[in-house]
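Trainee: This is the structure I want to talk about, given as structure tokens.
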Amino acid sequence: MSAPQPQIEASWLEALKEAFQDPSFLHLKHFLTHEKKKGKVIFPPGPEIFQAFNATPLPNVSVVILGQDPYHGDGEAHGLSFSVKDGVAIPPSLQNIYKEIHRDLGIIIPKSGNLMRWAEQGVLLLNAILTVEKDQAASHRNQGWESFTDAAISAVNSLDSPVVFMLWGSFARSKAPMIDRQKHLILEAPHPSPLSAYRGFMGCGHFSKANEFLVQNSLKPILW
């Protein structure tokens, strides 16, 4: 079985064409093919690996929420950071995100953890690593995804329109030097996981701050 070919939205395909030809991406394709031949189960399913890009074309991006790697349980990952499909139990980090949105904006906590409604409004829900082996967190680290998604961050940074970058946790915050602070808004906080959420994520007010910035720049606020 061959590795999935890039089925990716046109504006992203153009922006990332060099990244797809980079030796690190060619290594990644070989790695994924080899893992599948060994019978490894990889999440998310092939057609959903590039879901974040397909749901949010590059010109539409107004907010970036950066995660680390996909959920590794059955039926959880579907290509959007922090998101799960309808009917899947809401993971603890997303529960805390919802709690902070409720505290910040008074929005009722949803019953579903599916964040496609955000993606369709221009929120790029990007994991730095886009695949994972079942039940093996961070198992596809350092196989080439980081270079690819860094190229995606650079593409967003190059947009003429200002963008809000939400960087939660030390890994996401390490990407801040790639972003032009003169043009874009960077919001940093601890990760929303139960281990760190009460060290500053809860109470961060990022969702109202993001919308204030978007409105100030004549862009649509997000219906969180």
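Trainee: Just for the Cα atoms in segment 1-68, what are the lengths along the principal axes, largest first, rounded to whole Å?
Mentor: 40, 22, 20
Trainee: Over all Cα pairs of segment 19-122, how is the pair count split among 5 Å bins, expressed in % and running from 0 up to the last occupied bin?
Mentor: It works out to 2, 11, 17, 21, 19, 13, 8, 4, 3, 1, in whole percents.
Trainee: Report, in deg cm²/dmol and to the nearest 500, the calculated mean residue ellipticity at 222 nm for the chain, where each DSSP H run with n ≥ 4 adds -39500 (n - 2.57) and the sum is divided by the residue count.
Mentor: So the calculated ellipticity at 222 nm is -9500 deg cm²/dmol.
Trainee: Sticking with this structure for a sec: Just to be sure I understand: if I project the alpha-carbon convex hull of segment 105-191 onto a plane and average over all orientations, what area do I get in nm²?
Mentor: Its Cα hull, projected and averaged over all orientations, spans 7.4 nm².
Trainee: In debye, nearest 20: dipole of segment 7-101 around its Cα centre with unit charges on the Cβ of K, R (+) and D, E (-)?
Mentor: Here segment 7-101 has a charge dipole of around 340 debye.
Trainee: What order do you get for 189-200, 65-76 when each peptide is scored by the mean count of other beta carbon atoms within 10 Å, highest first?
Mentor: 65-76, 189-200
Trainee: Hey, any idea what % of the chain's accessible area is carbon plus sulfur with a 1.4 Å probe?
Mentor: Carbon with sulfur: 53 percent of the solvent-accessible area.
Trainee: Listed highest first by mean packing, meaning other Cβ atoms within 10 Å per residue, what order do 125-132, 164-171, 84-91, 43-50 come in?
Mentor: 125-132, 164-171, 43-50, 84-91
Trainee: Can you give the Rg to Rh ratio of segment 55-110, both from alpha-carbon atoms, with Rh computed by the Kirkwood formula?
Mentor: Over the Cα atoms of segment 55-110, Rg/Rh equals 0.99.
Trainee: For segment 78-143, restrict the atom set to alpha-carbon positions and state the Rg and Dmax in Å.
Mentor: Rg then Dmax for segment 78-143, in Å: 13.3, 41.
Trainee: With viscosity set to 0.692 mPa s and temperature to 37 °C, compute the Stokes-Einstein D of segment 164-224, Rh being the Kirkwood radius across alpha carbon pairs; µm²/s, no decimals.
Mentor: For these conditions, the coefficient is 267 µm²/s.
Trainee: Where a Cα-Cα gap under 19 Å defines reach, which aspartates and glutamates qualify for Lys111, not counting those fewer than 8 residues away within the same chain?
Mentor: Partners found: Glu76, Asp86, Glu100, Glu120.
Trainee: Please report how far the C-alpha centroid of segment 70-120 lies from that of segment 38-65, rounded to the nearest whole angstrom.
Mentor: For segment 70-120 versus segment 38-65, the Cα centre distance is 15 Å.
Trainee: Over segment 40-117, average the accessible area per residue using a 1.4 Å probe and give it in Å², no decimals.
Mentor: 41
Trainee: Could you compute Rg(Cα) / (2.2 N^0.38 Å) for segment 129-169, with N its residue count?
Mentor: Taking the Cα Rg and dividing by 2.2 N^0.38 Å, one obtains 1.46.
Trainee: What is the Cα radius of gyration of the chain over 2.2 N^0.38 Å, N being its residue count?
Mentor: 0.98
Trainee: Could you pull out every one of the aspartates and glutamates with an alpha carbon less than 15 Å from that of Lys37, ignoring same-chain neighbours closer than 8 positions?
Mentor: Glu133
The values are calculated or read from the model by the stated rules, or taken from the named source; none is laboratory data. Bear in mind the structure is a predicted one, so any value in this text is a computation, not a measurement. Using ideal geometry, Cβ is built from the backbone for each residue, glycine included, and neighbour counts are taken over all protein chains shown. Surface areas here come from the heavy atoms of the whole protein model, side chains and all, with no ligands, DNA or RNA. Shrake-Rupley method; radii C 1.70, N 1.55, O 1.52, S 1.80 Å.
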